[in-house]
Structure formats: structure tokens, C-alpha cells
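K.L.:
Questions regarding the structure given below will be posed in turn.
The values are calculated or read from the model by the stated rules, or taken from the named source; none is laboratory data. This is a predicted model, so every value here is computed, not measured. Neighbour counts are summed over all protein chains in view; Cβ atoms, including those assigned to glycine, are modelled from backbone coordinates with ideal geometry. Please note that ligands, DNA and RNA were not included when accessible areas were found on the heavy atoms of the full protein model with its side chains. Shrake-Rupley method; radii C 1.70, N 1.55, O 1.52, S 1.80 Å.
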Amino acid sequence: MTFEILKNNKKSWDKVAHHFNGKDALPSYGPFTQTEEELMLFGDLTNKKILDIGCGSGHSLRYMAEKGVNEIWGVDLSQNQIETAKETLEGMNPKLYCAPMEKDINLPKEYFDFVYSIYVIGWTMDLPATFKLIHSYLKSGGTFIFSWDHPLYPYLKSENGRIFLEGTYQNEGTVTYENFKGEDAPMVIPTRKMSTYINELITAGFTIEKVIESDVSESFDSIEEEVSDRYYSLYKARKFPTTMIIKARKQ
Ligand SMILES: C[S@@+](CC[C@H](N)C(=O)[O-])C[C@H]1O[C@@H](n2cnc3c(N)ncnc32)[C@H](O)[C@@H]1O
């Protein structure tokens, strides 16, 4: 079942990959969200070994390379994304793998100073296995940082600027989108509560250092928002966090 979903999601990600070239990449943690330059979650990156889960087009890894890391590794489900990442990272000696994050593909264990993931973790069909694998990749004392939609955010609907709750945050499961990004690209995406992410991190052996419910990046300070019913809008983001960001450490 999980295998089937991943196989179909992979096909769809290959189709929509071009919509995500350089989108949702560091220093951004998410739509309208504070950036790494504002939050400073990583600290010194010089000579560090880093792994990007869901590296997409490779733009976060390029940001890391510019910060002076020693080794850049990335995993992504989509072969098309991996091909784009190779172009983005030309000359930087990246180690890139096309694979689902849920699967053990023999990446080195106890090896990385940082594992991070920008707007990808929520796609995993097996959260416990994914967190357990990420924990195993890290050196002791290593850090895992990820961002994802605030788990309540998908339930916030807006009509003429009036925001209300639709659906049931209580029910965890999956949602199917028949036309992701307006293309004939069906996707299945899990829904989870905030507590599930936190508790699964603890179960995998992490110590949680910081939980951030995003605020709007200061780069939008001078922009007056218009009332908007779009899924992501400055109007909504000024009222409710679009993104959750969690920083956790392996002891
Ligand atoms: C919003 S994009 C992320 C962009 C990326 N973080 C960056 O820095 O450019 C989501 C990515 O997650 C990948 N993805 C989705 N499901 C995945 C899975 N199960 N395992 C690994 N990657 C996955 C997609 O192929 C896509 O490249």
C-alpha cells in the first residue's frame, strides 16, 4: 500500500518538478516565513557534513555550500528533481540519491553534523521510520532541523477574508489531490497533528531544542496586505503561522 502510494507520488513529482525549481529552499523556511538569516538555527557551518532530505532542485544545498560546508548530500524521490539539482550544484561535488526518505539506502550512519529538510517531511508515508533513519545518519550531538506546513494550516479556509476551520484536525490519515499544481498529477499526502511530529521525534531518540510557529519574515514589513483567500497569503500569514519549524538534537 505504502509502496504503491510512493510509486504514484514519484510519477507525479516527476511531472510537477518544474514548479519547484528554487522554491521552498533555504534561506527560506516556507511561505512568508522568517528566513535562516533571521532565525539563525544552524550556527557555524564551516567544514560540516550535511544531508538534505527532499533536496528538490538543490537550491538549499547550494546555500549550504556557500556557507562553507565540507560535504553536501541530498536525497529526493523525483529523478527529475535530482537531475535539476545536479545542474544547480555543478562543480560542488554533491552526493545525490534518487530514493524515498522512508527507505534505508545505506547512507552513512553516525556521519552527519546536520540533517535538514525544507517542506518535505510531511510527505513521508512512514514518519517513525523516517525519523529513525535521520537519527541514525547523525553523529552524536548532531542536529536535525525541518520545516513543514503548520499542521493546522490546511484546515484554515478563508472566504472574503473571514478565516474559519473546515474539516477535522483530529482525524489523521491521508488526503488525495487529483490535480496537484493544476497538472494531471494525483498525489496522496498524509495529515498529522503537531503532537504526532513532536512525539515521533522523541520516540526516535531526539531531544527537542526549539519549536517555532512561524511569523512573517521582516522582508514583508513594508508591504500592506490585501484581503486574500489564497492558500498562502500575507493576509493569512499575519494572522496564523504558515509553517512549523523544529530543531532537534541527537544526544
Ligand atoms: C516542496 S519540494 C522541496 C524543495 C527542496 N526542499 C529545496 O530545497 O529545493 C518537495 C520535494 O519533496 C520530494 N519528496 C516528496 N515525497 C518524498 C519522499 N517520500 N521521499 C523523498 N523526497 C520526497 C519531492 O520530489 C520534491 O522535490
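K.L.:
Going by the alpha-carbon gyration tensor, a ≥ b ≥ c the square roots of its eigenvalues, is segment 25-64 rounded (a/c under 1.5) or, if a/c is not under 1.5, prolate (a/b greater than b/c) versus oblate?
P.N.:
Values: a/c = 2.36, a/b = 1.12, b/c = 2.10.
It comes out oblate by the Cα gyration axes.
K.L.:
Another question, if that's okay. Relative to the present Cα-Cα distance, how much length would full extension add between GLU159 and ILE105 at 0.36 nm per residue of separation?
P.N.:
Separation in residues times 0.36 nm, less the Cα-Cα distance, equals 14.9 nm.
K.L.:
Sorted by accessible area (1.4 Å probe), largest first, how do GLU159, GLU38 line up?
P.N.:
Correct descending sequence by accessible area is GLU159, GLU38.
K.L.:
Distance cut-off 19 Å, Cα to Cα: go down the list LYS157/LYS239; LYS11/LYS132; LYS193/LYS247 and report the pairs above it.
P.N.:
Beyond 19 Å: LYS11/LYS132.
K.L.:
Residue separation times 0.36 nm, minus the C-alpha to C-alpha distance between ASN70 and ASP229: what's the value?
P.N.:
Going from the current span to full extension adds 52.9 nm.
K.L.:
Label points 7 Å out from Cα along the Cβ direction at HIS19 and LYS210: separation in nm?
P.N.:
About 3.1 nm separates the two model spin labels.
K.L.:
Along the Cα→Cβ direction, 7 angstrom out, place labels at SER140 and ASN179. What is the inter-label distance in nm?
P.N.:
Computed distance between label sites SER140 and ASN179 equals 5.5 nm.
K.L.:
Could the peptides 137-144, 150-157, 104-111 be put in order, highest first, of the mean number of other beta-carbon atoms found within 10 Å of their residues?
P.N.:
Values: 137-144: 18.8, 150-157: 16.9, 104-111: 12.5.
Ranking, from highest mean packing down: 137-144, 150-157, 104-111.
K.L.:
Okay, next question. Might you tell me the accessible area per residue for the chain, computed with a 1.4 Å probe and given in Å²?
P.N.:
48
K.L.:
Next question. Between LEU152 and LYS239, 0.36 nm times their residue separation minus their Cα-Cα distance comes to what? All intermediate terms of the calculation are to be shown ahead of the outcome.
P.N.:
On the way: separation 87, 0.36 × 87 = 31.32 nm, distance 1.29 nm.
Here the answer is 30.0 nm.
K.L.:
Still on this structure, please answer the following. How much mean residue ellipticity at 222 nm does the chain get from its helices, if each DSSP H run of length 4 or more adds -39500 (n - 2.57) and you divide by all residues, to the nearest 500 deg cm²/dmol?
P.N.:
On the way: 7 runs with 63 residues, N = 251.
Computed mean residue ellipticity for the chain: -7000 deg cm²/dmol.
K.L.:
Measuring from label point to label point, each 7 Å out along Cα→Cβ, what is the ASN199 to SER222 span in nm?
P.N.:
In this crude spin-label approximation the distance works out to 4.7 nm.
K.L.:
Hey, what does the equivalent ellipsoid look like for the chain, semi-axes from the Cα gyration tensor as sqrt of 5 times each eigenvalue, largest first, whole Å?
P.N.:
27, 21, 19
K.L.:
If you don't mind, another one. Under the classification rounded if a/c is under 1.5, otherwise prolate if a/b is larger than b/c and oblate if not, where does segment 182-251 fall, given a ≥ b ≥ c as square roots of the Cα gyration tensor eigenvalues?
P.N.:
Details: a/c = 3.06, a/b = 1.43, b/c = 2.13.
Oblate.
K.L.:
Which entries in the list LYS49/LYS139; LYS49/LYS250; LYS15/LYS95 go over 20 Å, if you measure between the two C-alpha atoms of each?
P.N.:
LYS15/LYS95
K.L.:
Right, another one. For segment 1-127, list log₁₀ I(q)/I(0) at each q in 0.10, 0.15, 0.20, 0.21 Å⁻¹, using the Debye formula over Cα point scatterers of equal strength and ignoring solvent, two decimals each.
P.N.:
-0.29, -0.68, -1.20, -1.31
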